[in-house]
Structure formats: C-alpha cells, structure tokens
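Encoded as structure tokens, the structure appears first; notes follow it.
The values are calculated or read from the model by the stated rules, or taken from the named source; none is laboratory data. Quantities reported herein were computed from a predicted structural model and do not represent experimental measurements. Methodologically, a virtual Cβ is constructed for each residue, glycine included, from the backbone with ideal geometry; neighbour enumeration extends over all protein chains shown. Protein only, heavy atoms only, side chains kept; ligands, DNA and RNA dropped before computing areas. Shrake-Rupley method; radii C 1.70, N 1.55, O 1.52, S 1.80 Å.
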Amino acid sequence: MLQDIKNLYNNCSRYWDEVTDHRTDDWFLMGSPWKVITIVILYLYFVEHLGPRLMKKRPPFNVEPIIKVYNLAQIFICAHIIYRSHALGWLKTHSWYCQPIDYSNRPMALQIAGTVHMYVVLKFIDLVDTIFFVLRKKFNQVSFLHVYHHAIMSLGSWFCMKILPGGHAVFLGYLNSWVHVFMYTYYFITSMWPEYKKNIWWKKHITQLQMFQFFLIFVHGLIPFFIECEYPRSMAFILSTQAFVVFSLFFNFYVKTYMKAKTN
C-alpha cells in the first residue's frame, strides 16, 4: 500500500515536472503549488471561521483609510497591466481567435510571462477584499459568490500561469483588468465620498459588466473547439466551464439584488 502511494506520488511529480513552465520557478509564488494552496486554505479558514469568531465580540475596525489607498492601488495596477498588454502586442500581433504560447527565452516571451505573473500576484492581493469585509463586520458581503470567485481566480490563474503562461487564456486577464479598473474606481469614489454610494448611477452596472466579461470569456474559451489552434482544448474547456459557473452565480446575485428588489 505504501509503495503504491509512493509510486503514485512519483508519477504525479514527474508529470508535474514535464507540463510546468520552469522559466518561472524562481519567480514570486511560482516555485511550488503548495504555497498558493496553503494561502487559499488559510484565506478560506479565516473568512469563514476564524475571522467571524474573533470579531464576534469586537467592534468593527476602522480600515477606511487603508481601503482608500488599496482601491487606488488596484486601479493603477490594473491599468498598468492593460498598458503592458498593449505594449506587448495586444490588438496588434496578438490573435483574438488563436494565440499559441511562446515558451522560449526570447525577451518578448519573458515579458508576456512577466505580465501574466503580475496579474496572478494581483489575484492573491484581491483576497484582501474579503478580509476587509470581515474586519468591518460586513459578514453579509462574505457570500458564496464572493469567496468562490476570489478563491478560484487566485488558484486558477496560478495554475494557468505555471502551465500555460500566455496564449489564448490571457484574454481573461486583459478583460478582467478593464473590469477591475471600473469596479475599483467605483469603490474609490464611494469610499472618498460616501454620499455618492446610494446615488451613483453605475452601481448595478458594475455587476452587469462582471456578468458580461464572464460571458465573453466563456465564448472566447470555446473557440479552440471550432478552429485549428495550438492551444490545449482541455484547458479551454476548464476555462469556459469556470466562466459559465461564475457567470451563473453573478446572474443569480443580480436577479436577487436588483430585479426581485424592484418588483418588491
């Protein structure tokens, strides 16, 4: 039995070694999957159990000044990712329909991988959103949609970066960065000027924008099934499936929050 487990572990290790991109082994968070898996497990434990328990008899923390800086930083980082994407050929040499992955050590290939890596690190920084909710005792906002979305985006982007650092799937990061520029701009405005929170017209349109992005990611992920493309269809299927799941969760949230509220 122990020998069988050891053989399975060795086979999995060999397979992982074969399919991963070793150019990024020394990059931040990219050496081993156990680091990021541990981060996500600790995140889930804190926001679902430890955090609410610690805050139960405490008043909410005043983290508003930190949130303002955080929102502004998110805007600039996402805008920088968009800028780098355009500088590296998005809308010019990058194919919308089928973009293979360049695993070479050419400067351009490494810069593309570096931009994807920046996006991956940002998805782990995004986990702080939920921690702010817990510290402010906004437990109603720690929904299944919110937690699942953040956890799957961080883990999914890491594994995609480690195996497929570029190519067809970067459409997700590019589009998501645009959405986050608008989203965190809204958060920044309402954190600076709370009186706009109820009146600003684009509040519900942020959710519409999020749904639209995942619909586009779902459709875009299916393209390799209909044309000849040097991109793994298995990864395209996973990408589209997850996009559909998250779209469905956002749609359910939108119906409950905006459509049913209006009818009531």
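Selection of region 190-226 for residues being open to solvent by less than 90 Å² (accessible area, probe 1.4 Å), hydrophobic (A, V, I, L, M, F, W, C) and more than 22 Å from Gly173 (Cα to Cα) yields Met192, Ile200, Trp202.
Check region 96-119 and report whether any residue there is out of contact with any Gly (no Cβ under 8 Å at 6 or more places or on another chain), open to solvent by less than 80 Å² (accessible area, probe 1.4 Å) and not in a helix (DSSP H, G or I). Yes, because at least one residue in region 96-119 is out of contact with any Gly (no Cβ under 8 Å at 6 or more places or on another chain), open to solvent by less than 80 Å² (accessible area, probe 1.4 Å) and not in a helix (DSSP H, G or I). Here Lys137 meets each of (1) under 30 Å from Pro59 (Cα atoms); (2) assigned to a helix (DSSP H, G or I) with one exception, condition (2). If you check Leu42, Leu91, Leu54 for being modelled with pLDDT of 95 or more, more than 17 Å from Met161 (Cβ to Cβ) and open to solvent by 30 Å² or more (accessible area, probe 1.4 Å), only one passes: Leu42. Looking across region 227-258, the residues that are over 30 Å from Lys204 (Cα atoms) and open to solvent by 30 Å² or more (accessible area, probe 1.4 Å) come down to Ile227, Glu228, Glu230, Pro232, Arg233, Ser234, Met235. Taking the criterion of being in contact with an Asp or Glu (Cβ under 8 Å, 6 or more places away or on another chain) and open to solvent by 20 Å² or more (accessible area, probe 1.4 Å), the residues of region 152-189 that qualify are Met153, Ile163. Just one of the listed residues (Ser191, Ser157, Ser234, Ser177) is in a helix (DSSP H, G or I) and in contact with a Gly (Cβ under 8 Å, 6 or more places away or on another chain), namely Ser157.
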